[in-house]
Amino acid sequence: EDRFRKLKDDLVAAKAKTNILLEEKSDIEVFLEKQREQSEILAALERDLSKQYDKNSALAVEIGRPINLHRWRYLKDKAPREFMLLENIQNMQRQALGATSRIATHAC
(Lines give C-alpha, C1' and ligand atoms only; values in the text may rest on other atoms or scores of the structure.)
Protein backbone atom coordinates (compact mmCIF):
# COMPACT_ATOMS: atom_id res chain seq x y z
CA GLU A 1 0.00 0.00 0.00
CA ASP A 2 2.91 2.38 0.68
CA ARG A 3 4.30 1.57 -2.70
CA PHE A 4 0.92 2.33 -4.30
CA ARG A 5 0.70 5.67 -2.49
CA LYS A 6 4.26 6.55 -3.55
CA LEU A 7 3.46 5.71 -7.17
CA LYS A 8 0.26 7.74 -6.94
CA ASP A 9 2.19 10.73 -5.53
CA ASP A 10 4.79 10.33 -8.26
CA LEU A 11 2.02 10.29 -10.85
CA VAL A 12 0.46 13.48 -9.45
CA ALA A 13 3.90 15.14 -9.41
CA ALA A 14 4.55 14.00 -12.99
CA LYS A 15 1.19 15.40 -14.12
CA ALA A 16 1.94 18.70 -12.41
CA LYS A 17 5.38 18.81 -14.02
CA THR A 18 3.79 17.96 -17.39
CA ASN A 19 1.30 20.81 -17.02
CA ILE A 20 4.11 23.23 -16.13
CA LEU A 21 6.13 22.08 -19.13
CA LEU A 22 3.12 22.40 -21.45
CA GLU A 23 2.56 25.97 -20.22
CA GLU A 24 6.24 26.76 -20.80
CA LYS A 25 6.00 25.23 -24.27
CA SER A 26 2.95 27.37 -25.04
CA ASP A 27 4.76 30.50 -23.81
CA ILE A 28 7.81 29.65 -25.92
CA GLU A 29 5.65 29.09 -29.02
CA VAL A 30 4.00 32.50 -28.53
CA PHE A 31 7.45 34.06 -28.06
CA LEU A 32 8.75 32.37 -31.22
CA GLU A 33 5.75 33.57 -33.24
CA LYS A 34 6.35 37.13 -32.07
CA GLN A 35 10.03 36.69 -32.89
CA ARG A 36 9.15 35.56 -36.45
CA GLU A 37 6.83 38.54 -36.90
CA GLN A 38 9.55 40.90 -35.68
CA SER A 39 12.06 39.26 -38.03
CA GLU A 40 9.69 39.81 -40.96
CA ILE A 41 9.18 43.43 -39.95
CA LEU A 42 12.95 43.88 -39.62
CA ALA A 43 13.52 42.39 -43.08
CA ALA A 44 10.90 44.72 -44.58
CA LEU A 45 12.49 47.71 -42.86
CA GLU A 46 15.93 46.69 -44.10
CA ARG A 47 14.57 46.48 -47.68
CA ASP A 48 13.02 49.93 -47.29
CA LEU A 49 16.28 51.28 -45.89
CA SER A 50 18.18 49.79 -48.81
CA LYS A 51 15.79 51.48 -51.26
CA GLN A 52 16.26 54.77 -49.44
CA TYR A 53 20.04 54.38 -49.64
CA ASP A 54 19.71 53.76 -53.39
CA LYS A 55 17.54 56.87 -53.79
CA ASN A 56 19.98 58.85 -51.68
CA SER A 57 22.96 57.79 -53.77
CA ALA A 58 21.07 58.56 -57.01
CA LEU A 59 20.19 62.01 -55.73
CA ALA A 60 23.79 62.58 -54.63
CA VAL A 61 24.96 61.70 -58.14
CA GLU A 62 22.37 64.05 -59.61
CA ILE A 63 23.51 66.85 -57.34
CA GLY A 64 27.09 66.24 -58.38
CA ARG A 65 26.16 66.15 -62.06
CA PRO A 66 23.04 68.27 -62.54
CA ILE A 67 20.56 67.57 -65.32
CA ASN A 68 17.69 69.40 -67.05
CA LEU A 69 17.66 73.12 -66.26
CA HIS A 70 21.15 73.16 -64.80
CA ARG A 71 22.70 71.29 -67.71
CA TRP A 72 23.44 74.50 -69.63
CA ARG A 73 25.08 76.18 -66.64
CA TYR A 74 27.10 73.04 -65.99
CA LEU A 75 28.23 72.96 -69.65
CA LYS A 76 29.04 76.68 -69.57
CA ASP A 77 31.30 76.18 -66.54
CA LYS A 78 32.92 72.89 -67.51
CA ALA A 79 33.15 73.12 -71.32
CA PRO A 80 32.80 76.74 -72.47
CA ARG A 81 33.86 75.99 -76.05
CA GLU A 82 31.10 73.44 -76.59
CA PHE A 83 28.66 75.79 -74.88
CA MET A 84 29.54 78.59 -77.32
CA LEU A 85 29.11 76.24 -80.28
CA LEU A 86 25.70 75.16 -79.05
CA GLU A 87 24.72 78.76 -78.45
CA ASN A 88 25.76 79.66 -82.03
CA ILE A 89 23.74 76.74 -83.39
CA GLN A 90 20.68 77.88 -81.44
CA ASN A 91 21.10 81.45 -82.69
CA MET A 92 21.35 80.22 -86.29
CA GLN A 93 18.23 78.10 -85.81
CA ARG A 94 16.35 81.12 -84.44
CA GLN A 95 17.52 83.21 -87.40
CA ALA A 96 16.45 80.50 -89.85
CA LEU A 97 13.02 80.26 -88.22
CA GLY A 98 12.66 84.05 -88.27
CA ALA A 99 13.62 84.22 -91.94
CA THR A 100 11.20 81.40 -92.76
CA SER A 101 8.35 83.14 -90.97
CA ARG A 102 9.16 86.48 -92.75
CA ILE A 103 9.17 84.74 -96.11
CA ALA A 104 5.90 83.03 -95.26
CA THR A 105 4.26 86.34 -94.29
CA HIS A 106 5.54 88.13 -97.43
CA ALA A 107 4.36 85.30 -99.66
CA CYS A 108 0.80 85.53 -98.32
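Observations on the model:
- Eligible lysines near LYS55 by straight Cα distance, threshold 27 Å, same-chain separation 8 or greater: LYS78
- Environment charge of ARG47, counting only residues whose C-beta is closer than 12 Å and scoring Lys/Arg +1, Asp/Glu -1: -3
- Local electrostatic count, VAL12, Cβ distance below 13 Å [Lys/Arg +1, Asp/Glu -1]: +3
- Split the accessible area of segment 26-108 by element, probe 1.4 Å, and carbon with sulfur accounts for 59%.
- Dipole magnitude (debye, nearest 20) for the chain, charges at Cβ of Lys, Arg, Asp, Glu: 900
- Stretch gain in nm, segment ARG36-LEU97, where the contour uses 0.36 nm per residue and the Cα spacing is subtracted: 15.1 nm
- Residue-wise HN-Hα couplings along segment 74-88, as the Karplus relation 6.51 cos²θ - 1.76 cosθ + 1.60 with θ = phi - 60° gives them from phi, are 4, 5, 4, 7, 8, 9, x, 5, 5, 4, 5, 4, 5, 4, 4 Hz; Gly and Pro carry x.
- Once the Cα-Cα distance is subtracted from the 0.36 nm per residue extended length, the LYS51 to LYS76 segment shows a gain of 5.6 nm.
- Relative intensity, log₁₀ I(q)/I(0), of the chain from a Debye sum that treats every alpha carbon as a point, q = 0.21, 0.23 Å⁻¹: -1.09, -1.14
- When the helices of the chain are scored as -39500 (n - 2.57) per DSSP H run of n ≥ 4 and the total is divided over every residue, the value at 222 nm lands at -33500 deg cm²/dmol.
- With 0.36 nm allotted per residue and the present C-alpha distance subtracted, the ALA107-THR18 stretch has 21.4 nm of extension available.
The values are calculated or read from the model by the stated rules, or taken from the named source; none is laboratory data. In this text, all values refer to a predicted model and were calculated from it rather than measured experimentally. Every residue, glycine as well, gets a Cβ built from its backbone with ideal geometry; the counts of neighbours run over all protein chains shown. Ligands, DNA and RNA are stripped out before the accessible areas are found, and what is left, the full protein with its side chains, is counted by its heavy atoms. Shrake-Rupley method; radii C 1.70, N 1.55, O 1.52, S 1.80 Å.
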